[in-house]
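Asks: Below is one structure. I have some questions about it.
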Amino acid sequence: MIFQNYFIRKKIQTLAKKSSARKSRFCSLYEAKTFLMTFNIKDKDEVVLCAEQLKELKKDICLSVFIPRKMKIAEETDPSWLQIKEDEFGPNGLPLSPLCEQFNAIPADILIDLTRTNDYAMHYLQLLHPALFKVGNKSSLRNLFDLTITMSPDDDMPQFFRHILFYLQTIRSK
């Protein structure tokens, strides 16, 4: 697995260099109409509460949940969520083409990454997504997001999300 992570990180770093040349457009919370939120299944309850805050602002929300291979889904996840199962990855640890196409087809003005760990497969998908503006947790990899916010392991998800909303509210763009 460590060997596999090495190659995934290299692929992501190459994509990130190309991604830094992409044309991003800063969107404020009020300008954005559609949001894509990515998260790990273990944070489901907290993320649903965060998504409700955006729904109250009349925003369209799409949720994409990462489900690790080790975790069996005991509870039912919402069928409208895009489920990214680790079983759907190739031998190199990267998501297969149909999954990438399905993920990229989700419309989003702002992509918000709420994964807590350096989840390289999710970072790979996020780099490929055509969202105008990308927000996420500071990572050891550079150029993943247009706006990075540091989340310590002690922070809870709602607090981290409040920070994201605060910065999205203060962004002014034309």
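Asks: Which pairs turn up if I take residues in the stretch 53-64 that are farther than 10 Å from residue 35 by Cα and look for partners that are loosely packed, with under 14 Cβ neighbours inside 10 Å and acidic (Asp, Glu) with beta carbon separation below 7 Å, at least 6 apart in sequence or on another chain?
Replies: From the stretch 53-64, no pairs qualify.
Asks: If you don't mind, another one. Exactly one of these conditions fails for residue 162: (1) part of a helix (DSSP H, G or I); (2) of a type in the set (D, E, K, R); (3) in contact (Cβ under 8 Å) with a residue 12 or more places away in the chain. Give me its number.
Replies: For residue 162, the exception is condition (3).
Asks: Now for a different question. Does residue 64 count as among the small types (Gly, Ala, Ser) and either modelled with pLDDT under 85 or surrounded by 15 or more Cβ atoms within 10 Å (Cβ to Cβ) (or both)?
Replies: Details: among the small types (Gly, Ala, Ser): yes; either modelled with pLDDT under 85 or surrounded by 15 or more Cβ atoms within 10 Å (Cβ to Cβ) (or both): yes.
Considered against the rule, which asks whether it is among the small types (Gly, Ala, Ser) and either modelled with pLDDT under 85 or surrounded by 15 or more Cβ atoms within 10 Å (Cβ to Cβ) (or both), residue 64 comes out as yes.
Asks: Then there is this: Looking for whichever is among the charged types (D, E, K, R), within 24 Å of residue 155 (Cα to Cα) and at pLDDT 85 or above here; the options are 58, 85, 42. Which one fits? Steps first, answer last, please.
Replies: Values: 58 fails: within 24 Å of residue 155 (Cα to Cα); 85 fails: within 24 Å of residue 155 (Cα to Cα).
42 is the lone residue from the list that is among the charged types (D, E, K, R), within 24 Å of residue 155 (Cα to Cα) and at pLDDT 85 or above.
Asks: Given the conditions (1) touching a residue at least 60 places away in the same chain (Cβ under 8 Å); (2) farther than 19 Å from residue 29 by Cα; (3) not in a loop (DSSP other than H, G, I, E, B); (4) not acidic (Asp, Glu), report the number of the one that residue 111 does not fulfil.
Replies: Every listed condition holds for residue 111 apart from (2).
Asks: Shifting gears a bit: Please work out which residue is modelled with the lowest pLDDT, limiting yourself to the stretch 89-117 and to residues that are loosely packed, with under 15 Cβ neighbours inside 10 Å and of a type in the set (S, T, N, Q). First the steps, then the outcome.
Replies: Narrowing the stretch 89-117 to residues loosely packed, with under 15 Cβ neighbours inside 10 Å: 90-92, 96-98, 101, 104-105, 107, 117.
Pick out the ones that are also of a type in the set (S, T, N, Q) and you get 92, 97, 104, 117.
Working: 92: 81, 97: 90, 104: 94, 117: 70.
Per the stated criteria, the residue is 117.
Asks: Taking the stretch 118-131 only, how many residues are at pLDDT 90 or above and either in contact with an Asp or Glu (Cβ under 8 Å, 6 or more places away or on another chain) or part of a strand (DSSP E or B) (or both)?
Replies: 2
The values are calculated or read from the model by the stated rules, or taken from the named source; none is laboratory data. Bear in mind the structure is a predicted one, so any value in this text is a computation, not a measurement. Reconstructed Cβ throughout: ideal geometry from the backbone, glycine too, with neighbour counts over all protein chains shown.
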